[in-house]
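Participant: Structure below; questions to follow.
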Amino acid sequence: MRGSLFSRRILQRFRQNTISSVGSVKIKLLLCCCIVFTLVLIAGRAASFMGWRHNPASIGRSSVPRKGYTILINTWKRNDLLKQSISHYASCRGLDSIHIVWSEPDPPSNSLHEFLQHTIRSKSKDGRNIELKFDIHKEDSLNNRFKEIEDLKTDAIFSIDDDVIFPCTSVEFAFTVWQSAPETMVGFVPRIHWVDQSKGGKDYYTYGGWWSVWWMGTYSMVLSKAAFFHKKYLYLYTHEIPASIREYITKNRNCEDIAMSFLVANVTGAPPIWVKGKIFEIGSTGISSLGGHSERRSQCVNRFAAEYGRMPLVSTSVKAVDSRNIWFW
C-alpha cells in the first residue's frame, strides 16, 4: 500500500511539472509571436512614413508633372534597335514626345513611320498622346545630335542612344533628380578626366572610362548616351560653342558627348550628377571597343580645353541613388 501510494504521488507531481512546463513554453511562444508581430508592424509603418516602401509605379504618378520630358534618340541604320528602344520608352509615364535624330542618306520609310506610331499608341499609358518626330539632317555629322529643335514642348531632354535601355523607373527617378538641378547634366554613364603629370611641364589631360571612375571614386562627365539636360543647351551647342570644336567633331566622328559636357560645365561651373541605374545593352559594341579609343578621347579633352582657354570640367564624387530600391543606405 505504501509503495503504491508513494508511486501515485510521484506520478501526480510529474504530471503537475509537465503541465507547468508546457504552459511555460506556450507563454514563451506567445510572447515571442507578439514581439515579432510588433516589430513587423513598427517596421512597416516606419518604412511607409520614411518613404522606403518600394513602389515603382508611384514614382511616375507622384513626381512627374504635367509637362514631362522629350526623348532625343540617336540612331544610324539600325531600325531593329530603334523599334525596340521606342517600344520600351513609350510606356514610361513622364514621356511627352520622341525626337529621332536622322542623318541617313535616305529618309525614313512609311512602314517605319507606321510601325513606330502604332507601337507608341499601343504602349503609352493613361491615354497620353505622345508626339513622334524625325529630325532629318542632310549632312552626316555627330553634331546633328545636338542641333537646336525649335518646336520642343518640354524643357527636359533625355538624350539616349538606340542601343541602350534603362527601366522606366530609373528614367523617372533621374528626371526627378534633374528637376532638382535643371541647369546641369544628370545621367547614368559617368566618365573622368585628370591631369597627367608625365606628359611634361604643361597640363595634359587624360580621359578615363568606367574602370577609372570605379577606381578613383570620382567623375567629371556624364555621357549623353543616357542623360538629361535642359533644351537651352541645344541652342548653345548650335550657336555658341566654338565652330572649330564642331568642325573637329565632324572630321573625327567622335567626342560630341564630351563637347556637350564641356558646354554645360562652362555655363554652370558645376559638376554633373551621376544617377545609379542598370543599363541593358541591346546592340553590338561601338567605337568605344576599337583600339586607341581612350587616346582619341584624351585628344578631344585637350583640344576642347585649349579652345575654351581653361578646363571647365568639375570633378565630384556625388551619386544619386533611389533609396526605395535598396535595403541599406
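The values are calculated or read from the model by the stated rules, or taken from the named source; none is laboratory data. What you are looking at is a predicted structure, and each value in this text was computed from that prediction instead of being measured. As a convention, Cβ positions derive from the backbone with ideal geometry for all residues, glycine included, and neighbour counts pool all protein chains shown. Only protein heavy atoms, including side chains, enter the accessible area calculation; ligands, DNA and RNA are left aside. Shrake-Rupley method; radii C 1.70, N 1.55, O 1.52, S 1.80 Å.
Participant: Within segment 304-314, can you find the residues that are surrounded by fewer than 18 Cβ atoms within 10 Å (Cβ to Cβ) and not in a loop (DSSP other than H, G, I, E, B)? Let's see the steps before the verdict.
Facilitator: Filtering segment 304-314 down to residues surrounded by fewer than 18 Cβ atoms within 10 Å (Cβ to Cβ) leaves 306-310, 314.
Selection gives Ala306, Glu307, Tyr308.
Participant: Scan segment 202-223 residue by residue and report those that are under 22 Å from Ala270 (Cβ atoms) and of a type in the set (Gly, Ala, Ser).
Facilitator: Correct list: Gly208, Ser212, Gly217, Ser220.
Participant: While we're looking at this one, here's another question. Please specify each residue of segment 182-203 satisfying the condition of being of a type in the set (Ser, Thr, Tyr) and open to solvent by less than 40 Å² (accessible area, probe 1.4 Å).
Facilitator: Here is the first cut: in segment 182-203, the ones of a type in the set (Ser, Thr, Tyr) are 184, 198.
Thr184, the sole residue that qualifies.
Participant: To continue, here is another question. Does segment 178-186 contain at least one residue that is under 10 Å from the mean Cα position of the chain (by Cα) and β-branched (Val, Ile, Thr)? Show your work before the answer.
Facilitator: Let us first name the residues in segment 178-186 that are under 10 Å from the mean Cα position of the chain (by Cα), namely 186.
Narrowing the set further to residues that are β-branched (Val, Ile, Thr) leaves 186.
Scanning segment 178-186, I find at least one residue that is under 10 Å from the mean Cα position of the chain (by Cα) and β-branched (Val, Ile, Thr), so the answer is yes.
Participant: Could you please find all residues in segment 138-174 being over 16 Å from Arg93 (Cα atoms), part of a loop (DSSP other than H, G, I, E, B), open to solvent by 30 Å² or more (accessible area, probe 1.4 Å) and of a type outside the set (D, E, K, R)?
Facilitator: Result: no residue meets the conditions.
Participant: Pick from Ile273, Ile249: which is open to solvent by 10 Å² or more (accessible area, probe 1.4 Å), in contact with a helix residue (DSSP H, G or I) (Cβ under 7 Å, 6 or more places away or on another chain), in contact (Cβ under 8 Å) with a residue 24 or more places away in the chain and among the hydrophobic types (A, V, I, L, M, F, W, C)? Talk me through it step by step, then tell me what you get.
Facilitator: Values: Ile249 fails: open to solvent by 10 Å² or more (accessible area, probe 1.4 Å).
Selected residue: Ile273, the only one of Ile273, Ile249 that is open to solvent by 10 Å² or more (accessible area, probe 1.4 Å), in contact with a helix residue (DSSP H, G or I) (Cβ under 7 Å, 6 or more places away or on another chain), in contact (Cβ under 8 Å) with a residue 24 or more places away in the chain and among the hydrophobic types (A, V, I, L, M, F, W, C).
Participant: All but one of (1) assigned to a helix (DSSP H, G or I); (2) more than 21 Å from Thr75 (Cβ to Cβ) hold for Trp194; state the number of the condition that does not hold.
Facilitator: (1)
Participant: Say whether the condition of being modelled with pLDDT of 95 or more, closer than 20 Å to Ser212 by Cα and touching a His at 6+ places or on another chain (Cβ under 7 Å) is met by at least one residue in segment 294-302.
Facilitator: yes
Participant: Related question: Of these, Ser224, Ser294, Ser261, which one is hydroxyl-bearing (Ser, Thr, Tyr), surrounded by 14 or more Cβ atoms within 10 Å (Cβ to Cβ) and assigned to a loop (DSSP other than H, G, I, E, B)? Can you show your working first?
Facilitator: Working: Ser294 fails: assigned to a loop (DSSP other than H, G, I, E, B); Ser261 fails: assigned to a loop (DSSP other than H, G, I, E, B).
None of the other options fit; the residue is Ser224.
Participant: Determine whether segment 204-219 contains at least one residue that is assigned to a loop (DSSP other than H, G, I, E, B), within 22 Å of Ile160 (Cβ to Cβ) and open to solvent by 10 Å² or more (accessible area, probe 1.4 Å).
Facilitator: Of segment 204-219, the ones assigned to a loop (DSSP other than H, G, I, E, B) are 204, 209, 217-218.
Checking the rest, the ones that are also within 22 Å of Ile160 (Cβ to Cβ) come to 209.
Now restrict to residues that are open to solvent by 10 Å² or more (accessible area, probe 1.4 Å): 209.
Yes, some residue in segment 204-219 is assigned to a loop (DSSP other than H, G, I, E, B), within 22 Å of Ile160 (Cβ to Cβ) and open to solvent by 10 Å² or more (accessible area, probe 1.4 Å).
Participant: Which ones in segment 105-127 are open to solvent by 100 Å² or more (accessible area, probe 1.4 Å) and either in a helix (DSSP H, G or I) or under 11 Å from Asn79 (Cα atoms) (or both)?
Facilitator: Within segment 105-127, Asn110, Glu114, His118, Arg121 meet the criteria.
Participant: Here's another thing I want to ask about it. Among the residues of segment 243-258, write down those that are out of contact with any Lys or Arg (no Cβ under 7 Å at 6 or more places or on another chain) and part of a loop (DSSP other than H, G, I, E, B).
Facilitator: Selection gives Arg253 alone.
Participant: As an exercise: evaluate Ser244 against (1) exposed (fewer than 14 other Cβ atoms within 10 Å of the Cβ); (2) closer than 21 Å to Asp322 by Cα; (3) among the polar types (S, T, N, Q); (4) touching a residue at least 12 places away in the same chain (Cβ under 8 Å) and give the number of the one condition it does not meet.
Facilitator: Result: Ser244 fails condition (2) only.
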